[in-house]
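The values are calculated or read from the model by the stated rules, or taken from the named source; none is laboratory data. Everything numeric in this text was worked out from a predicted model, so none of it was measured. Using ideal geometry, Cβ is built from the backbone for each residue, glycine included, and neighbour counts are taken over all protein chains shown.
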Amino acid sequence: MSTHKRHLTRRRVLGASAIGVAATGAAVAGGTGLLSSASAATFGYKDDGANYVVDTGASLVFKVSKSTGDLTSLVYRGKEYEGYGGRHSHVESGLGASTVTIKQSGATILVKVVHGAITQWYAARSGQNNVYLWTHKKDASFTATRYLVRLKPGIFPNEGSDSWIEASDKVIEAGDVWKRADGTTHSKHYSGKRTIDYDHVGFTTGSVGLWLVRSNHEKASGGPFYRSLLRHSNDKGAGLYEILHYNQAQTEPERFGLQGPFVLSFTDGGTPSPALSAGKLDTSWVDGLGITGWVGASGRGKVAGVGLKNMDATYPYTVGFANADAQYWAKAAAGAGAFSCKGMLPGTYTLTVYKGELAVHTGTVKVTAGGTTSLNSLTISGDPSTAKTIWRLGDWDGTPGEFKNAKLMTYAHPSDARAAKWTGNVVIGAGGEAASFPAYMWKDVNDGVLIYFKLTKAQAAAAHTLRVGVTDAFSNGRPRIAVNDWVSAVPTAPAQPSTRSLTTGSYRGNNHSFAFNVPTSAWKTDPNQYNVLKLTIVSGSGGTAFLSAGASFDCIDLLT
């Protein structure tokens with residue numbers, strides 16, 4: 001058994017994916033399978049020499065390689081769905097030679113795969129069309145943590161922002177972004193979804209659905225707003241992903257330990273049963289299986305908060321919990337902001353309240369096994385939107401959502417034919433200012449955007465602070481300002497993810513606010529004249545065009 005350190009190439013780590021995410025939580029008729037008595041008498045497994053063959057006693061038979069631990073077959077209602085390009089479904093990009101064992105415990109069959117720092121489990125439950133999966137990772141000897149389900153081409157519709165046609169589409173960036181003849185762009189990266197937005201991803205023909213129901217991501221990294229590969233399809237095959245740690249637009253260190261279960265589920269065409277979702281799944285049957293690192297319900301705790309004070313009713317609020325070992329989050333109720341997060345591992349966590357995606361309050365909370373930690377109302381005091389301004393462009397919510405092209409950029413490349421021109425200036429007071437301002441700026445694309453504004457005599461007689469908020473940056477890109485003839489110093493670059501993000505569907509990095517102290521001498525003294533604010537991107541590195549140094553904006557305002 002090999003335990004050597006495996007450095008995955010970029011191509012191997014990123015695999016072949018994208019996303020089309022189905023709506024969450026809808027119940028479906030037949031075939032969702034939680035527990036069915038249909039043909040349960042056939043439940044069991046056999047050894048065909050190369051694989052362990054597991055019959056779920058429903059409509060699903062799957063195989064696991066005895067040599068590699070790959071999932072080598074998924075036969076549903078007699079039809080094979082698994083595999084493309086001569087490769088099978090597996091953790092990471094395939095473990096290679098592994099120790100694979102199998103056992104049956106009552107209504108559960110469990111396959112265990114061991115390779116160095118990684119142990120992968122597959123489980124079947126009698127009468128269900130589901131495969132339950134867990135991944136345990138001890139250290140960073142593999143550079144990513146993911147499970148990739150590879151599916152045969154031509155079975156499911158090849159459509160959506162995460163689909164492409166290799167035979168005719170043109171690669172425009174890094175081998176993984178494609179452009180069609182109509183100018184639309186497609187990539188495995190273009191999910192358009194954050195982790196908090198989905199419970200499952202998958203495909204359907206209308207009569208057969210195949211879904212991957214995500215785990216609770218407690219050992220993942222990136223938090224509730226992280227965006228990553230979820231699904232892809234093309235003329236050569238299709239894939240579903242459970243991404244736990246992925247070094248792209250990543251804002252957190254990797255966490256180690258056991259993650260799961262995530263569930264591969266066949267249905268009669270509809271979405272998977274809501275009872276399979278991480279927040280609702282009954283896992284009491286897992287307790288006695290001996291899965292390394294498994295902590296059942298009795299070993300977990302809960303946090304319950306009375307509410308949040310000083311909320312802005314315009315925005316949703318999320319309460320996140322994170323430490324080096326685990327992460328969780330809960331949506332705060334509209335109105336009073338009550339929240340509850342259950343199923344947490346014991347420990348002390350940093351509590352963060354997010355307005356939209358912007359952290360506006362932090363604290364600490366301790367969770368104990370079997371206990372509930374109750375919190376009084378938390379008072380939000382860190383919202384930059386409460387500051388008095390002369391003018392504001394956008395709003396402070398941790399996203400570029402109010403700005404031009406922002407929504408499109410979560411599922412398209414900046415060069416997409418649907419994108420409005422990235423150039424263009426803004427006049428404060430003209431109306432529609434935010435929609436005219438670009439969500440992103442690049443040194444080599446639309447550098448030097450101008451914002452025109454007027455000041456009263458009293459306003460021009462004082463110095464003011466101009467704030468520029470960014471959500472992410474590429475290649476150390478950060479804003480520098482000039483007001484009329486006055487030019488600011490070059491600000492220090494804040495810590496940001498080191499990989500592509502602005503061209504791969506994510507604006508999520510480390511939110512940062514730059515404060516520029518503009519002196520009185522910078523302003524026009526005539527209230528009828530426009531002051532001209534020029535924004536430029538500065539950096540000592542970066543490529544060309546949309547891979548030049550750049551930044552995504554949260555908000556820009558001039559304080560009173």
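Residues that are more than 30 Å from E159 (Cβ to Cβ) and at pLDDT 95 or above: which strands (runs of 3 or more DSSP E) entirely in the stretch 11-111 hold 2 or more of them?
Counting at least 2 such residues, we get 44-47, 51-55, 60-65, 99-105.
Examine the stretch 449-471 for a residue that is in contact (Cβ under 8 Å) with a residue 24 or more places away in the chain, on the phi > 0 side of the Ramachandran plot and not polar (S, T, N, Q), and state whether such a residue exists. So that I can check it myself, show each step before the final result.
Keep residues of the stretch 449-471 that are in contact (Cβ under 8 Å) with a residue 24 or more places away in the chain, which gives 449-457, 459-471.
Right, trim to on the phi > 0 side of the Ramachandran plot and you get none.
No, the stretch 449-471 has no match at all.
Scanning for something among the small types (G, A, S), surrounded by 15 or more Cβ atoms within 10 Å (Cβ to Cβ) and modelled with pLDDT of 95 or more, does the stretch 442-459 turn up at least one residue? Don't jump to the end; show me each part of the working.
So in the stretch 442-459, the residues among the small types (G, A, S) come out as 448, 458.
Remaining after also requiring surrounded by 15 or more Cβ atoms within 10 Å (Cβ to Cβ): none.
Checked the stretch 442-459: no residue is among the small types (G, A, S), surrounded by 15 or more Cβ atoms within 10 Å (Cβ to Cβ) and modelled with pLDDT of 95 or more.
With aromatic (F, W, Y), farther than 30 Å from T108 by Cα and part of a strand (DSSP E or B) as the only criterion, which of Y354, Y328 stands out?
Details: Y328 fails: farther than 30 Å from T108 by Cα.
Going through Y354, Y328 in turn, just one is aromatic (F, W, Y), farther than 30 Å from T108 by Cα and part of a strand (DSSP E or B): Y354.
Would you please name the residue that is farthest from F453 (Cα to Cα), looking only at residues in the stretch 373-386 that are touching a strand residue (DSSP E or B) at 6+ places or on another chain (Cβ under 6 Å) and assigned to a loop (DSSP other than H, G, I, E, B)? Even if it seems obvious, please write down each step before you answer.
Within the stretch 373-386, the first condition is being touching a strand residue (DSSP E or B) at 6+ places or on another chain (Cβ under 6 Å), and the residues that meet it are 373-375, 377-380, 382-383.
The next check asks that each one be assigned to a loop (DSSP other than H, G, I, E, B); those that pass are 377, 380, 382-383.
On the way: S377: 40, I380: 31, G382: 27, D383: 25 Å.
Per the criteria, the residue is S377.
Looking at (1) surrounded by fewer than 22 Cβ atoms within 10 Å (Cβ to Cβ); (2) part of a loop (DSSP other than H, G, I, E, B), which is the only condition A435 fails?
Just one mismatch for A435, condition (2).
Any chance the stretch 140-153 includes a residue that's exposed (fewer than 14 other Cβ atoms within 10 Å of the Cβ) and in a loop (DSSP other than H, G, I, E, B)? I'd like the intermediate steps shown before the answer.
To start, the set of residues in the stretch 140-153 that are exposed (fewer than 14 other Cβ atoms within 10 Å of the Cβ) comprises none.
Checking the stretch 140-153: not a single residue is exposed (fewer than 14 other Cβ atoms within 10 Å of the Cβ) and in a loop (DSSP other than H, G, I, E, B).
What number goes with the only condition from (1) crowded, with 20+ Cβ neighbours inside 10 Å; (2) in contact with a Phe, Trp or Tyr (Cβ under 9 Å, 6 or more places away or on another chain) that H115 does not pass?
Only one criterion is unmet by H115, namely (2).
Report whether or not I196 is under 25 Å from V208 (Cβ atoms) and either part of a strand (DSSP E or B) or in the same structural domain as A97 (by TED's automatic domain parsing) (or both). Spell out how you get there, then give the answer.
On the way: under 25 Å from V208 (Cβ atoms): no; either part of a strand (DSSP E or B) or in the same structural domain as A97 (by TED's automatic domain parsing) (or both): yes.
For I196, the condition - under 25 Å from V208 (Cβ atoms) and either part of a strand (DSSP E or B) or in the same structural domain as A97 (by TED's automatic domain parsing) (or both) - is not met.
Restricting to the stretch 275-319, count the residues that are part of a helix (DSSP H, G or I) and surrounded by fewer than 19 Cβ atoms within 10 Å (Cβ to Cβ). Step through it out loud before you land on a result.
Just the residues of the stretch 275-319 that are part of a helix (DSSP H, G or I), to begin with: 275-276, 284-286, 297-299.
Those still in the list that are surrounded by fewer than 19 Cβ atoms within 10 Å (Cβ to Cβ) too: 275, 284-285, 297-299.
Of the residues in the stretch 275-319, 6 are part of a helix (DSSP H, G or I) and surrounded by fewer than 19 Cβ atoms within 10 Å (Cβ to Cβ).
If we keep just the residues of the stretch 156-185 that are without any contact (Cβ under 8 Å) to a residue 40 or more places away in the chain and touching a strand residue (DSSP E or B) at 6+ places or on another chain (Cβ under 7 Å), which is surrounded by the most Cβ atoms within 10 Å (Cβ to Cβ)?
Residues of the stretch 156-185 without any contact (Cβ under 8 Å) to a residue 40 or more places away in the chain: 168-171, 178, 180-181.
Restricting the remaining residues to those that are touching a strand residue (DSSP E or B) at 6+ places or on another chain (Cβ under 7 Å) gives 169-171, 178, 180.
Numbers: D169: 19, K170: 11, V171: 13, W178: 23, R180: 15.
Only one residue tops the list, namely W178.
Could you grab me the full set of residues in the stretch 325-371 that are among the hydrophobic types (A, V, I, L, M, F, W, C), farther than 22 Å from S298 by Cα and out of contact with any Ser or Thr (no Cβ under 7 Å at 6 or more places or on another chain)? Step through it out loud before you land on a result.
Kept after step one, since they are among the hydrophobic types (A, V, I, L, M, F, W, C), are these residues of the stretch 325-371: 326, 329-330, 332-334, 336, 338-339, 341, 344-345, 351, 353, 358-360, 365, 367, 369.
Okay, now just the ones that are also farther than 22 Å from S298 by Cα, so 332-334, 336, 338, 351, 353, 358-360.
Across the stretch 325-371, the qualifying residues are A333, A334, A336, A338, V353, L358, V360.
From the residues in the stretch 65-81 that are surrounded by 20 or more Cβ atoms within 10 Å (Cβ to Cβ) and touching a residue at least 60 places away in the same chain (Cβ under 8 Å), which one is nearest to A238 (Cα to Cα)?
If we take residues in the stretch 65-81 being surrounded by 20 or more Cβ atoms within 10 Å (Cβ to Cβ) and touching a residue at least 60 places away in the same chain (Cβ under 8 Å), then Y81 is nearest to A238 (Cα to Cα).
Can you name the residue in the stretch 498-515 that is surrounded by fewer than 20 Cβ atoms within 10 Å (Cβ to Cβ) and hydrophobic (A, V, I, L, M, F, W, C) and is also farthest from G550 (Cα to Cα) among such residues? Explain how you work it out, then say what you get.
From the stretch 498-515, those surrounded by fewer than 20 Cβ atoms within 10 Å (Cβ to Cβ) are 498-499, 510, 512-515; that's our starting set.
With the extra rule that they be hydrophobic (A, V, I, L, M, F, W, C), the set shrinks to 514-515.
On the way: F514: 15, A515: 18 Å.
Only one residue fits best here, namely A515.
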